[in-house]
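This report concerns only the one structure given below.
Just so it is clear, none of the values below were taken in a lab; they were calculated from the coordinates. What you see is a predicted model, and the numbers here were worked out from it, not measured in a lab. As a convention, Cβ positions derive from the backbone with ideal geometry for all residues, glycine included, and neighbour counts pool all protein chains shown.
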Amino acid sequence: MHIMEGFLPPEWCLVWWAVALPFIIMGVLELRALLRKDREYLPLLGVCGAFIFILSALKLPSVTGSCSHPTGTGLSTMCFGVFITTVIGGIVLLFQALVLAHGGLSVLGANIVSMAIGGPIAGYAVYRLLKNTSVNIFITVFLVTAVADLVTYIITSFELAVAYPAQVGGIMTSFTTFFAIFAVTQVPLAIVEGCVFALVFKYIVQLKPEILEKLGVFSRDQIEKARMAGEPVPPAEVRS
Amino acid sequence: MIQVRDYLLEIITAVAIVVFIALFLAVSSGGSHEFSGSDDVGSQKIAELSGKPVESYLPLIPQYEPPSGEIESTLFALQAAFGGVLLGLVFGYWLGQRKRAKVL
């Protein structure tokens, strides 16, 4: 989903940087407050960051005959919200821009807006919608992850479409063209990513349910119900 | 007693991955697909839409570019390895905490 360095006109680089900056600042502030409150969140933060690192390095082939990478921002969005995800995703994108020539410093703003802001916002919306319903929490995790992944690519298509409207048909035609390249490739990847994250979430629920409860990701009842379905251990015995 | 219910998510994920690989094999066996990155396909589309060749798009801010595909893949592998190490560390730490809590 990277827009390559030089492929976005300077004025649009500035626009997307301007959109991204408030999110980055908010994210840094939230991150500092969170870690000051409790260092016990640090491992979970590490897991969320690790997944973004791993998944955005994997460029997988898809049905359209081109390769693309998953984003891995869903877990972080659910656990820590949009702003902190912006910071973690931004670090990964900065690394790729500096070392790998994937994206670049001028287009970093645009890439942050798509992968670390837009996708997470969409994922967060899905999460809030399903959080307090009776929907199985693993299905929620699946949907949040898949939506965050897919919307990232839709936003990339949009960013390119507004910068390069087609001569015939304008922005909409351009959008459809880029959408076909990015988003269609992404559909199977988003589904697999959703499954993997639901599985990972199951392990977190089994190993460290108290941290999810403390962060208020899901209620105690929901977490305990999910644990019972996964592993027939009475919750009272393992709670520390 | 192992129950299918307990491993439902593992099974679904495994099936999804197998289907994904099968799709890849089906697509790659028919027709000529390069499996180039969608980033590059996107860049080519930009060139097509604006009528300027891809080479005319120069970085606005000079940047380091890996000199070859090999070096690039090394750097990507390092990125993924870093994530993997971190993941193993944290899950191991949690597992240890859990085990300890059970003993005490």
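Assorted remarks:
- Under-5 Å amide H pairs with A:L60, H placed in peptide plane, nonlocal only: A:S68, A:H69
- Under 17 Å between alpha carbons - lysine pairs in chain A that sit 8 or more apart or on different chains: 8
- Summarising the label geometry, the points placed 7 Å from Cα in the beta-carbon direction at B:E55 and A:I91 lie 4.0 nm from one another.
- A cut-off under 14 angstrom between Cβ atoms defines the neighbours of A:V144, and their net charge, with Lys, Arg +1 and Asp, Glu -1, is 0.
- Taking Cα centre as origin and charging only the Cβ of basic (Lys, Arg, +1) and acidic (Asp, Glu, -1) residues, the dipole magnitude of the stretch A:36-163 rounds to 220 debye.
- With Cα atoms, 0 to 90° folded angle of helix B:8-29 axis to chain B main axis: 30
- Candidates B:S38, B:S50, B:S29, ranked by Gaussian network fluctuation over chain B, Cα under 10 Å, top entry: B:S29
- Under the shape rule built on the C-alpha gyration tensor, where the axes satisfy a ≥ b ≥ c, chain B is oblate, since a/c reaches at least 1.5 while a/b does not exceed b/c.
- Phi-derived couplings, Karplus 6.51 cos²θ - 1.76 cosθ + 1.60 at θ = phi - 60°, listed residue by residue for the stretch B:75-81: 5, 5, 5, 4, 4, 5, 5 Hz, with x used for Gly and Pro.
- In degrees, nearest ten, helix A:119-131 long axis to first principal axis of chain A (Cα): 30
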